[in-house]
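What follows is a set of notes on a single structure, which appears directly below.
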Amino acid sequence: MAQTYHQLRLDLAAALAVFLDPDEAHAECIRWFEEGLDLSRTWMAAHGSDQVPAEVRRRVSAWVRRRRKGEPWAYILGWTFFRDRRFKVSSDTLIPRPETELLVEAALDVGRRLKVDRCVDVGTGSGIIAVSLALETGWQVTASDLSPGALAVAAENAQILGAQVSFLEGSLLEPLPDPVGLVVANLPYVDPADQPTLQRELTFEPASALFAPDRGLALSETLLRQARERQASACLLEIGAGQGGELCRRGMGIGWSKVMIHQDLAGHDRILVALA
């Protein structure tokens, strides 16, 4: 039976609403058309009554089957936007979150005030922080990650976007030469005890990039210690809600002269800034 693009959009929104909130389903449906099918709202206004080719119907049906199982749209699509730039993502990397833009903004602010000329992005994942900082500053940017798969994705993103970033495989600051300059990281910070309560989409993302021992604090504390020992000018971390107070105490105990917490728009602890 012939199906128009208008009807396809209605059917898709209904299919997504089976497992998503209706507002989420509507917004995601629009994203599928714009990002997945490359059909803008303007195009839909002019051609919504056109018949949908069988190949497009098959493609959308395959996407729905994967999405119904909980697979995030960004993995199905293979990319997502961060700071208005298109970044490739894969099952080796976390999907960029809007909150991480707060970390980039804080790094830009602190780095400019301290007049740094180099920066390291620890646990780079898809490379969104390193690439953004390289493109928006004149800094020498280096990035590290334990995952060869993540580093391959990050390097591809840097190449596509024209960012000059050096990538090194290894744990935290261990593979990075001195001086490290400004240290920035979005490390795993989720408490493993919270795993059963997390949304099912997170089961598709790499657990090694989500969970950390000691109630999610272990890697953040280790990096704060390493950065202080390596005489970094500052260390900025994305952290979990409610972790700010404890990490401030640990940071001051390690020897940072000042440790501050910035909250996100929801009022949750989100960015830690430690200054030498």
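The values are calculated or read from the model by the stated rules, or taken from the named source; none is laboratory data. Please read these numbers as outputs of a predicted model, since none were measured by experiment. Here the Cβ is made from the backbone with ideal geometry for all residues, glycine too, and neighbour counts use every protein chain on show. For the accessible areas, the whole protein counts, side chains as well, though only heavy atoms, and no ligand, DNA or RNA atoms are used. Shrake-Rupley method; radii C 1.70, N 1.55, O 1.52, S 1.80 Å.
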Reported set for region 91-107 where residues are more than 11 Å from the chain's Cα centre (by Cα), surrounded by fewer than 18 Cβ atoms within 10 Å (Cβ to Cβ) and under 25 Å from G170 (Cα atoms) is S91
Cβ contacts < 6 Å: first residue within 16 Å of N157 (Cβ to Cβ), restricted to region 96-109; second residue open to solvent by 10 Å² or more (accessible area, probe 1.4 Å) and assigned to a helix (DSSP H, G or I), any location; separation 6+ or different chain. Result? P96/I128
Looking at F81, F33, F87, which one is at pLDDT 95 or above, aromatic (F, W, Y) and over 23 Å from L151 (Cα atoms)? F33
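How many residues, within region 210-223, are touching a Lys or Arg at 6+ places or on another chain (Cβ under 9 Å) and assigned to a helix (DSSP H, G or I)? Can you show your working first?
From region 210-223, those touching a Lys or Arg at 6+ places or on another chain (Cβ under 9 Å) are 217, 220-221; that's our starting set.
So of that shortlist, the ones also assigned to a helix (DSSP H, G or I) come out as 220-221.
Within region 210-223, residues that are touching a Lys or Arg at 6+ places or on another chain (Cβ under 9 Å) and assigned to a helix (DSSP H, G or I) number 2.
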Only one of these is outside any strand (DSSP E or B), among the hydrophobic types (A, V, I, L, M, F, W, C) and in contact with an Asp or Glu (Cβ under 6 Å, 6 or more places away or on another chain): L12, L108, L39, L103. Name it. L103
When region 188-200 is examined, which residues are found to be touching a helix residue (DSSP H, G or I) at 6+ places or on another chain (Cβ under 9 Å), under 20 Å from E71 (Cβ atoms) and open to solvent by less than 70 Å² (accessible area, probe 1.4 Å)? V190
When region 224-249 is examined, which residues are found to be under 19 Å from the mean Cα position of the chain (by Cα) and either of a type in the set (D, E, K, R) or in a helix (DSSP H, G or I) (or both)? E238
Filter region 217-265 down to residues that are free of Cβ contacts under 8 Å to residues at least 12 places away in the same chain and hydrophobic (A, V, I, L, M, F, W, C) and give me whichever is surrounded by the fewest Cβ atoms within 10 Å (Cβ to Cβ). L265
So, R59, is that one over 30 Å from L133 (Cα atoms), modelled with pLDDT of 95 or more and open to solvent by 20 Å² or more (accessible area, probe 1.4 Å) or not? yes
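Could you list all residues from region 152-168 that are assigned to a helix (DSSP H, G or I) and open to solvent by less than 20 Å² (accessible area, probe 1.4 Å)?
In the first step, residues of region 152-168 are kept if they are assigned to a helix (DSSP H, G or I); the result is 152-161.
Correct list: V153, A154, N157, A158.
Quick one: count up the residues across region 251-276 that are within 18 Å of A218 (Cα to Cα) and part of a loop (DSSP other than H, G, I, E, B). Please lay out each step first, then the result.
Initial filter on region 251-276 (within 18 Å of A218 (Cα to Cα)): 251-256, 259, 261, 269-274.
Within this subset, residues satisfying the condition of being part of a loop (DSSP other than H, G, I, E, B) are 255-256.
Final tally of qualifying residues: 2.
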